[in-house]
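The values are calculated or read from the model by the stated rules, or taken from the named source; none is laboratory data. Computed from a predicted structure; not experimentally measured. Glycine gets a Cβ as well: all are built from the backbone with ideal geometry, and neighbour counts include every protein chain shown. Side chains included, ligands, DNA and RNA excluded: accessible areas come from the protein's heavy atoms. Shrake-Rupley method; radii C 1.70, N 1.55, O 1.52, S 1.80 Å.
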Amino acid sequence: MKKLIIAGISLIILAAAALIVYQNLPEKRYARHMIKARLYQQQNNLVAAKKEYEAAFAAKGGYTPYVSLEVLRFENNLALKDKNISGAINNTRKYLELHPKDSEAAILLANLAFEAGELGLAFSTVNSILVQNPVSFPARLLLAKVRTSQGRLDLAEEQIRVLVEAHPDSLLALMPIASNLLKQGRISEARDYLQKVLKLYPDNPVAKLNLIDSYLMERKPDSARIILQAWAVTDSSKTQAVRIRLARLFSLMNQFDSAEIALSDYRFPNQNNFEALGELALVKTKQGQYDSAIKVYSSMIETAPSASPKAKEYINLLHLANSNPARALEVLKELSIGANDLILPMNQIMTYLALDQEHKAIEVIQRGDSSMQKQLTEFMANLIPTREFVGQWALLNYYRLNNQSFNSLQTIAQMYLKYPENALVADFYSKALHGLGQAPLALEVLEKLKQPTLAQKVNKVTLYVTLGKLDKAMDLCQKILKEEPKLIGIHTLLADLNRKKGNSKAYVEHLQAELELNPNNVVALNNLAWEFGVEQKDMQAAAPYLTKLEAQKQGDPRIMDTMGWILAINGKLKEAKPYFILALNLVPDSPTLLYHMANVEKQLGETDSAKRHLQKALDSKRNFEERKLAETMLAEMN
């Protein structure tokens, strides 16, 4: 009996020891520390969380912050908390060196780069993701954001349309395409998508707001009112975004008291109310109540210093509009905008001229580099130094900065009636008319000028081309070339005109002349490569231009198509194919690219893939020059 008791105790001791050993196995200790780290992280106790993460990885034989995606996120949270976005980027880059195929980490890096304004890194990272996974929704959406930030709404549209085609009922695809089209001024197209969103998701507030914006942009108050009235019976009608649209509607109808009442709940200056306060300042400005608008912006500055630079810029312009350049100068002294930014020096020049301090304006010009000096000198030469003119020009810039296109147009139209011979006014008015599709009127404005500037002459060329007056465009281009033989861009214009007239020799000569002035001109390089490589099938002549295009790594699918197609038709099929793969990762529904890829694949004996690409090209609703060729090729292969 005694032996049994001893044996039982021994077993208990051994079990306890085994349990202790088991609990202290590296995997178990790792798991315990990871659980504690996550709990601390949820409690926002980042110091304790970091210690637990370190203990967890020490249990596995050594700690590195780049072992898991979870720890990477933690390290980045620490960096971002300290506003150290470059640290977060470096963390993620190091992690990707160890885990190059981790798409989630690559998306994280691309997003961080985008937030930091490193658009080149964001683009290259997203592109590498699409090479691995062409159907990656977040990568393509981020690529569209990068293109938008680069000012290339057309290229952003290409990316979003890929998403819409693959996910025709996805809110994440439909809303970005609508937003993109609104930014391009293609209002009716945008509205079609917004109405589709509301058919699928009737209560989506963002789609309703954008739909209202589309009608306000077209100055159709009745249509905007119908949606707002339908909204008025719900709690959401009390939201700031809805009230802002209501204020815009009343302001559009010149019912300014009603506009201010709509914004009355959002007058208290805090960050949550900034959008409404900005709208209130616009309402005050439209009534000519500049002092009241300035008070609104001043209250925003007192609440949040981060709002200060933009608000002070607006205050400066409003003081000038209010014929108070002395106060405008006080505000300017507090502003500091990037050295390459023309906005601040232009505002300084306007302010000094309004104060009859021309010598100070000249000093502003002399502080800039040679390119800036040229632009500012031309600006100053055409700025009429009266308080009335400066005030109206400042008001125009205020509306432009606030994306108030109609008010900008009204202001410049009024200025043109007073100053039809002023180059600044005529140039801006002509561009505004051209943007509205009124090219004949835009040309008429420029042709009335007795002494047009060089830029206005170039604009006239563009308008002549738009209106089909190629001979006039050619004559004016030749005159400009004689006046300014080293003007960058003039040879590109002449090349295009000669191409339209079928003069291939002059077309090539002008493109080559452009490259002498600007060796990195992508358009000239691309067009010369195509001319020699495709039209003339002279690979040797095309090669230097291909080399330069390759070195620039533009990431533009059109350029990739040029490079791939030149190689393909000159028999270098295996070298050509990677370019089409890269291009199709960016625009997988381009029928021309699909046809080119199929052509290469057919010659390489990849018949099934070639058929798929041809069929996809022919299924496209887009028009493309090679459609008949694609139909014939597919018929021959079946």
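General remarks:
- Test: residue in the range 499-517 that is under 28 Å from CYS477 (Cα atoms), touching a Phe, Trp or Tyr at 6+ places or on another chain (Cβ under 6 Å) and in a helix (DSSP H, G or I): yes
- Restricting attention to the range 95-116, the residues that are open to solvent by less than 100 Å² (accessible area, probe 1.4 Å) and either assigned to a helix (DSSP H, G or I) or at pLDDT 85 or above (or both) add up to 15.
- For the range 446-468, the set of residues classified as more than 30 Å from the chain's Cα centre (by Cα), under 18 Å from GLU378 (Cα atoms) and either open to solvent by 70 Å² or more (accessible area, probe 1.4 Å) or touching a residue at least 24 places away in the same chain (Cβ under 8 Å) (or both) consists of LEU449, LYS450, GLN451, PRO452, THR453, listed by residue number.
- Taking the conditions (1) buried (at least 21 other Cβ atoms within 10 Å of the Cβ); (2) in contact (Cβ under 8 Å) with a residue 60 or more places away in the chain in turn, ARG387 satisfies each one other than (1).
For every residue, the table says whether it meets (1) more than 26 Å from VAL135 (Cα to Cα); (2) without any contact (Cβ under 8 Å) to a residue 12 or more places away in the chain; (3) open to solvent by less than 50 Å² (accessible area, probe 1.4 Å).
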| position | (1), (2), (3) |
| --- | --- |
| ALA524 | yes, no, yes |
| GLU531 | yes, no, yes |
| THR547 | yes, yes, no |
| ASP561 | no, no, yes |
| ILE569 | yes, no, no |
| LEU573 | no, no, yes |
| LYS616 | no, no, no |
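- The set of residues in the range 613-638 that are of a type in the set (D, E, K, R) and farther than 21 Å from GLU158 by Cβ comprises LYS628, GLU631, GLU636.
- Test: residue in the range 320-330 that is at pLDDT below 90, surrounded by fewer than 21 Cβ atoms within 10 Å (Cβ to Cβ), among the small types (Gly, Ala, Ser) and not in a helix (DSSP H, G or I): no
- Residue match in the range 594-603 (condition: under 20 Å from GLU157 (Cα atoms), within 34 Å of the chain's Cα centre (by Cα) and open to solvent by 30 Å² or more (accessible area, probe 1.4 Å)): no
- All positions within the range 402-438 that are open to solvent by 40 Å² or more (accessible area, probe 1.4 Å), of a type in the set (D, E, K, R) and part of a helix (DSSP H, G or I): LYS418, LYS431
- Of all residues in the range 270-301, those being closer than 16 Å to ALA321 by Cα, among the polar types (S, T, N, Q), assigned to a helix (DSSP H, G or I) and without any contact (Cβ under 8 Å) to a residue 24 or more places away in the chain number 1.
- Criterion violated by THR351 - all others in (1) farther than 21 Å from PRO309 by Cα; (2) open to solvent by less than 20 Å² (accessible area, probe 1.4 Å); (3) not aliphatic (A, V, I, L, M) satisfied: (1)
- Unmet criterion (only one of (1) of a type outside the set (D, E, K, R); (2) modelled with pLDDT of 95 or more; (3) in contact with a helix residue (DSSP H, G or I) (Cβ under 6 Å, 6 or more places away or on another chain)) for GLN289: (3)
- The range 506-518, subset within 16 Å of LEU487 (Cβ to Cβ) and in contact (Cβ under 8 Å) with a residue 24 or more places away in the chain, residue surrounded by the most Cβ atoms within 10 Å (Cβ to Cβ): GLU514
- Checked against the criteria, GLU363 counts as in a helix (DSSP H, G or I) and exposed (fewer than 15 other Cβ atoms within 10 Å of the Cβ).
- Scanning the range 533-545 for residues that are assigned to a helix (DSSP H, G or I) and either open to solvent by 40 Å² or more (accessible area, probe 1.4 Å) or under 13 Å from LEU567 (Cβ atoms) (or both) turns up GLY533, VAL534, GLU535, MET539, GLN540, ALA542, ALA543, PRO544, TYR545.
- Of all residues in the range 138-154, those satisfying the criterion of being touching a Leu at 6+ places or on another chain (Cβ under 7 Å) and more than 19 Å from SER590 (Cβ to Cβ) are SER149, GLN150.
- So ASN397, is it touching a helix residue (DSSP H, G or I) at 6+ places or on another chain (Cβ under 7 Å), at pLDDT below 90 and either of a type outside the set (Asp, Glu) or buried (at least 20 other Cβ atoms within 10 Å of the Cβ) (or both): no
- One residue from LEU494, LEU443 being over 21 Å from ASN521 (Cα atoms) and either among the aliphatic types (A, V, I, L, M) or without any contact (Cβ under 8 Å) to a residue 12 or more places away in the chain (or both): LEU443
- Members of the range 387-408 that are hydroxyl-bearing (Ser, Thr, Tyr), within 17 Å of HIS434 (Cα to Cα) and within 22 Å of the chain's Cα centre (by Cα): SER405
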